[in-house]
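Engineer: I am attaching a structure below and will ask some questions about it afterwards.
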């Protein structure tokens, strides 16, 4: 089974989730989505190069943290809270709280 | 300031903590130390090569998760809970709980 298929089937891997969140840029995306709900890639890129951000969004999607949907020419992202909270209760909240303490 | 000096000064970096715990072998070490308290490197290596384990212990130490003390020829490790819980309350417990759900 490919990694993409595993994500589609809702199989969340703790190591992949923690790896995705161990990067400050990706963690900042997740925190922003937590606060703002659905956001476009452009609103989340912080002026970083598109190729860099494509990589970060792919890692977040493959970890099952973020889902991207296409509306016309806009890619909209949202946090996949429910499956993550069901698989690992309290994990995402504790990491978002920790991120808030870092600033 | 070197990374080692930062750890010595008690500066914990969330990204480094999450990266350290994103590896299944390192996460298993942390879970075992959580349950058993102080353990020798030999009791934690799971039969893996010494060079591999040296790398994993170094990453855990540099993240501020584990402290190693030398008693004669034995290296004893313990979890640095207090500074971690003070810096990021609930984080380690939520990750240990998540690891227990993975099995």
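Any read-out appearing in this document is the output of simple, stated calculations on the displayed coordinates, not a laboratory observation. Predicted, not measured: the structure shown is a model, and the values here were computed from it. Reconstructed Cβ throughout: ideal geometry from the backbone, glycine too, with neighbour counts over all protein chains shown.
Engineer: Could you work out the mean count of beta carbons from other protein chains within 10 Å of each residue's beta carbon in A:47-54?
Structural biologist: 0
Engineer: OK, next. Per 0.36 nm of contour for each residue apart, how much would the distance between residue A:67 and residue A:28 grow if the chain were fully extended, relative to their Cα-Cα spacing?
Structural biologist: Once the chain is fully extended between residue A:67 and residue A:28, it gains 12.5 nm.
Engineer: Another one. Is the C-alpha gyration tensor of the stretch B:3-102 telling us rounded, prolate or oblate? Criteria: a/c under 1.5 is rounded; beyond that, a/b larger than b/c is prolate, otherwise oblate.
Structural biologist: Oblate.
Engineer: Beta carbons within 10 angstrom, averaged per residue: use that to sort the peptides A:25-38, B:68-81, highest first.
Structural biologist: Listed from highest to lowest mean packing, they are A:25-38, B:68-81.
Engineer: Name the shape class, rounded, prolate or oblate, that the alpha-carbon gyration tensor gives for the stretch A:15-54, where a ≥ b ≥ c are the square roots of its eigenvalues, rounded holds for a/c under 1.5, and otherwise prolate holds if a/b is larger than b/c and oblate otherwise.
Structural biologist: It is oblate, given that a/c is not under 1.5 and a/b is not larger than b/c.
Engineer: On to the next question. What distance in nm lies between label points placed 7 Å from Cα along the C-beta direction at residue B:96 and residue A:82?
Structural biologist: Distance between the two pseudo-spin positions: 3.2 nm.
Engineer: Can you compute the helix-only [θ] at 222 nm over chain B? Use -39500 (n - 2.57) per DSSP H run of at least 4 residues, normalise by all residues, nearest 500 deg cm²/dmol.
Structural biologist: Helix contribution divided over all residues of chain B: -17500 deg cm²/dmol.
Engineer: For peptide A:92-102, compute the average count of partner chain beta-carbon atoms within 10 Å of each residue's beta-carbon.
Structural biologist: Mean shielding count: 5.
Engineer: Would the protein assembly as shown count as rounded, prolate or oblate if I go by the C-alpha gyration tensor, calling it rounded below 1.5 in a/c and otherwise prolate when a/b exceeds b/c, oblate otherwise?
Structural biologist: Prolate, since a/c reaches 1.5 and a/b exceeds b/c.
Engineer: Sorted by mean Cβ packing within 10 Å, highest first, what order do the peptides B:39-45, B:60-66 take?
Structural biologist: Listed from highest to lowest mean packing, they are B:60-66, B:39-45.
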